[in-house]
1. Which of the numbered conditions does residue 39 fail, given that it passes all the others? Conditions: (1) in contact with a helix residue (DSSP H, G or I) (Cβ under 7 Å, 6 or more places away or on another chain); (2) closer than 20 Å to residue 140 by Cβ; (3) open to solvent by 30 Å² or more (accessible area, probe 1.4 Å).
2. Just to be sure I understand, how many residues within the range 48-61 are part of a helix (DSSP H, G or I), within 16 Å of the ligand (Cβ to nearest atom) and out of contact with any strand residue (DSSP E or B) (no Cβ under 9 Å at 6 or more places or on another chain)?
3. Mind listing whichever residues of the range 291-317 are loosely packed, with under 14 Cβ neighbours inside 10 Å, small (Gly, Ala, Ser) and closer than 20 Å to residue 22 by Cα?
4. So in the range 123-176, with the set limited to residues that are of a type in the set (Lys, Arg) and touching a residue at least 12 places away in the same chain (Cβ under 8 Å), which one is nearest to the ligand (Cβ to nearest atom)?
5. What about residue 21, is it farther than 16 Å from residue 144 by Cβ, within 13 Å of the ligand (Cβ to nearest atom) and part of a loop (DSSP other than H, G, I, E, B)?
6. Taking the condition of being over 20 Å from residue 188 (Cα atoms) and touching a residue at least 24 places away in the same chain (Cβ under 8 Å), how many residues in the range 227-254 meet it?
7. Test residue 76 against the criterion of being surrounded by fewer than 15 Cβ atoms within 10 Å (Cβ to Cβ) and near the ligand (Cβ under 10 Å from one of its atoms), and give yes or no.
8. Quick one: in the range 99-119, of everything that is in contact with a Pro (Cβ under 9 Å, 6 or more places away or on another chain) and open to solvent by less than 30 Å² (accessible area, probe 1.4 Å), which residue is nearest to residue 12 (Cα to Cα)?
Amino acid sequence: MTTHTPRVFSGIKPSGGLTLGNYLGAIKRFVDMQGQGFETIYCVVDLHAITVWQDPKELKDATREVAAGFLASGIDPTQSILFNQSQVSAHAELGWLFNCVARMGWMNRMTQFKDKAGKNAEKVSLGLYAYPSLMAADILLYHATHVPVGEDQKQHVELTRDIAAKFNHDFKAEGFFPMPEPIIDGPATRVMNLRDGSKKMSKSGESDMERINMTDDADTIAKKFKKARTDPDALPDTLEGLKGRPEARNLVDIYAALSEATPEAVIAEYAGAGWGRFKPALADLAVEKLAPISTEMARLMGDKAEIDRILGEGADRADAIAQPILDQAYDITGLLRSR
Ligand code: AQP
């Protein structure tokens, strides 16, 4: 059995402005994993973004803005590898090999595709359907062992394990691809929509009032939390008391994640408080945490050439790990390479 170097891989799509969900469920946790005994590789997954229409005039800046979000939150490009996916062609190439390994039945079970395609399944792109197979390639191209993600991506990491196991088995390449572990921890692995506690907060959700964007200013953040849907009851004195109150639970979880406390501790502090007290406190906390990040993002976006340089250098370093693994995968698959 091969042992693989502890290596973290994760990514974010440049499919719109980053949300508080992306920050708490992903970026903040990516930062926490730096310097913890892993090699850390973080990617702006632009090939995933184009599975739904993206305006070509905006995509490059959206890619830079996600990179700026990573950097401003504390990803250090000398400590981690930071790059955009389309600059390392091995992602698309391994993605194709995995399209030939993944089974239609497996893909048909992916709930994110069902949610995103909805009743429109006949009209969405083939890429949207194949997305989880490309995501498996993103992870396995680096022999990554740990994948920090939000709850919504758990099924895709499980599919990645199935693809790795089938490849290793079918080609008698025991241990070639590792079985990556999804890392889903903390109180904010599924930040919910502020207007509907049954839906997750998304970049591409219909209304801007549903989400906090990482670039929202203090007034906008305060307004969005003030208008966030809740129920009329005050906060209970135990977490149990939030059962059946998804919107209230969501705001408590956001507060906990922002203040690096447990939801239990937040409830202990705010037991009996009404929304008139809790919502402004939450807004102040969110502004305190997000304002320095959005200020730094704006500064970084003022020097696009520097972001491009960082992404290019990261792509060179990523490519140096990915290409030999892709070459081995081609060889294992029996594809002729004569130059
Ligand atoms: N609401 C969320 N709560 C916690 N984590 C979240 N993530 C996304 N939304 C939440 C995590 O962020 C990472 C990057 O996700 P992505 O941008 O690649 O894709 P996504 O999950 O489809 O994100 P969005 O915001 O919903 O984008 P759109 O609307 O464009 O599809 C992942 O780790 C994800 O779990």
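1. (1)
2. Step one: list which residues in the range 48-61 are part of a helix (DSSP H, G or I), which gives 48-49, 56-61.
So of that shortlist, the ones also within 16 Å of the ligand (Cβ to nearest atom) come out as 48-49, 58-59, 61.
In the following step, the residues that additionally are out of contact with any strand residue (DSSP E or B) (no Cβ under 9 Å at 6 or more places or on another chain) were identified as 49, 58-59, 61.
Residues flagged as part of a helix (DSSP H, G or I), within 16 Å of the ligand (Cβ to nearest atom) and out of contact with any strand residue (DSSP E or B) (no Cβ under 9 Å at 6 or more places or on another chain) within the range 48-61 amount to 4.
3. Correct list: 298 only.
4. Among residues in the range 123-176 that are of a type in the set (Lys, Arg) and touching a residue at least 12 places away in the same chain (Cβ under 8 Å), the one nearest to the ligand (Cβ to nearest atom) is 154.
5. So residue 21 does not fit the description; no.
6. Going through the range 227-254, the residues over 20 Å from residue 188 (Cα atoms) turn out to be 227, 231-234, 237.
Still in the running and touching a residue at least 24 places away in the same chain (Cβ under 8 Å): 227, 234, 237.
Going through the range 227-254 one residue at a time, the tally reaches 3.
7. no
8. My answer is 112.
The values are calculated or read from the model by the stated rules, or taken from the named source; none is laboratory data. All values derive from a computational prediction rather than experimental measurement. Positions of Cβ are backbone-derived with ideal geometry, glycine not excepted, and every protein chain shown enters the neighbour counts. The accessibility values were calculated without ligands, DNA or RNA, using every heavy atom of the protein model including side chains. Shrake-Rupley method; radii C 1.70, N 1.55, O 1.52, S 1.80 Å.
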